[in-house]
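A.B. asks: What follows is a structure written as structure tokens; I'll ask about it next.
None of the figures in this text is laboratory data; all of them are computed from the coordinates on show. All values derive from a computational prediction rather than experimental measurement. Glycine gets a Cβ as well: all are built from the backbone with ideal geometry, and neighbour counts include every protein chain shown.
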Amino acid sequence: KEKHKILHQLLQNSTSPVDL
Amino acid sequence: SNGDASPTLTLAEHDHLAQIICKSHLETCQYLREELQEMSWQRFLQEEVEKYQNKPQEAMWQLCAVKITDAVQYVVEFAKRIDGFMDLCQNDQIVLLKAGSLEVIFVRMCRVFDSQNNTVYFDGKFASPDVFKSLGCDDLISSVFDFAQSMCSLQLTEEEFALFSAFVLLSADRSWLREKLQVEKLQRKTESALQHVLQKNRRDDGVLEKLRCKASALRALCGLHSEKLAAFRTVYPDAVRTLFPPLYKELFAA
């Protein structure tokens, strides 16, 4: 998880750059 | 579906799956084809090309890393909207994205590629291979352009692009997958829906086989990208450490 922190966050986020 | 790794889908299920994947693709593809067609006349002038060519190598690498990182975020959203992807364990979601996001970006690049002029949409305009000269990896750039040229010759529809992108992303033979069978099941469903769409569109029987070859070509391209990044990193370790987006480093330089 630590190694892929950002990817992990992007997978968890319900809002995304695409929605914004 | 009969629940094993060889799903038998009805025609309605194939159509439904194809529709969902196509919708996810269109919602997350960054550029719509109509927008791109309107922009297709915007090519870099010679003086603009020279500006890119005169950039220091690390600055051009940084610019490309930023563009790739933007695109990766859209691929993550595409993945999240594929039926069944978020049901996979987190390890496998990360493994698939780490191995497949750049491959999907190369597939998507073909949508923003002008095969007549051999240019690709980059940083606001259509760019020829010489724009990327200062990266110092002409062989990678020409392989990427050759790949785009050859994908374009298949003249895929958006639905076919969407299903092929999902098929690539759901590759069940990636290393370190924990629930390989689950991924295999999803990939086979996607492949079956792709085959159904190709038949529906009355495509030549050989197209699916050609797409399988393209999936191998994508692996070679990504391998070449990794090699070039490793070589660049040896010469400019600080540039990678301080200038590159954290997500790019997480995916490609960890």
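A.B. asks: Pairs of alpha-carbon atoms within less than 8 angstrom and 6+ residues apart define the contacts here; what relative contact order does chain B have, in percent? Before the final figure, lay out the partial values.
C.D. replies: Values: 274 pairs, mean separation 73.4, N = 254.
It comes to 29 percent, rounded to a whole number.
A.B. asks: Moving on. Apply the Karplus parameterisation 6.51 cos²θ - 1.76 cosθ + 1.60, with θ equal to phi minus 60°, to every residue of segment B:205-212 and state each ³J(HN,Hα) to the nearest whole Hz, in sequence, with x for glycine and proline.
C.D. replies: Per-residue couplings from phi come out as 4, x, 5, 4, 5, 4, 5, 4 Hz.
A.B. asks: Just to verify a number: FRET efficiency for B:Glu50 and B:Leu243, C-beta to C-beta distance, R0 = 25 Å, to 0.05?
C.D. replies: 0.65
A.B. asks: Based on the mean of other Cβ atoms within 10 Å per residue, sort peptides B:146-156, B:26-36 so the most packed one is first.
C.D. replies: The densest-packed peptide leads the list: B:146-156, B:26-36.
A.B. asks: Further question on the same structure: Between their Cα atoms, which of B:Lys23/B:Lys125; B:Lys67/B:Lys98; B:Lys98/B:Lys133; B:Lys98/B:Lys200; A:Lys5/B:Lys189; B:Lys228/B:Lys249 are more than 24 Å away from each other?
C.D. replies: From B:Lys23/B:Lys125; B:Lys67/B:Lys98; B:Lys98/B:Lys133; B:Lys98/B:Lys200; A:Lys5/B:Lys189; B:Lys228/B:Lys249, over 24 Å: B:Lys23/B:Lys125; B:Lys98/B:Lys133; B:Lys98/B:Lys200; A:Lys5/B:Lys189.
A.B. asks: Against the longest alpha carbon principal axis of chain B, how many degrees, from 0 to 90 and to the nearest 10, is the axis of helix B:90-109 turned?
C.D. replies: 60 degrees
A.B. asks: Report the FRET efficiency, 1/(1 + (r/R0)^6), for B:Cys89 and B:Glu227, where r is their Cβ-Cβ distance and R0 is 25 Å, rounded to 0.05.
C.D. replies: After rounding, the FRET efficiency stands at 0.25.
A.B. asks: Also, I was wondering about something else. Partner chain Cβ atoms within 10 Å, averaged over the residues of B:76-84 - can you pull that number for me?
C.D. replies: 3
A.B. asks: Per-residue mean of other chain beta-carbon atoms within 10 angstrom of the beta-carbon, peptide A:5-14?
C.D. replies: Numbers: counts 3, 11, 12, 4, 2, 9, 10, 2, 4, 1.
Taking the mean over all residues of the peptide, I get 6.
A.B. asks: How long is the gain from B:Met39 to B:Leu11 if the chain were fully straight, where each residue apart is worth 0.36 nm and the alpha carbon distance is subtracted?
C.D. replies: So the extension gain works out to 6.3 nm.
A.B. asks: Peptide B:237-247: average number of partner chain Cβ atoms within 10 Å per residue?
C.D. replies: Counting other chains' Cβ atoms within 10 Å and averaging over B:237-247 gives 1.
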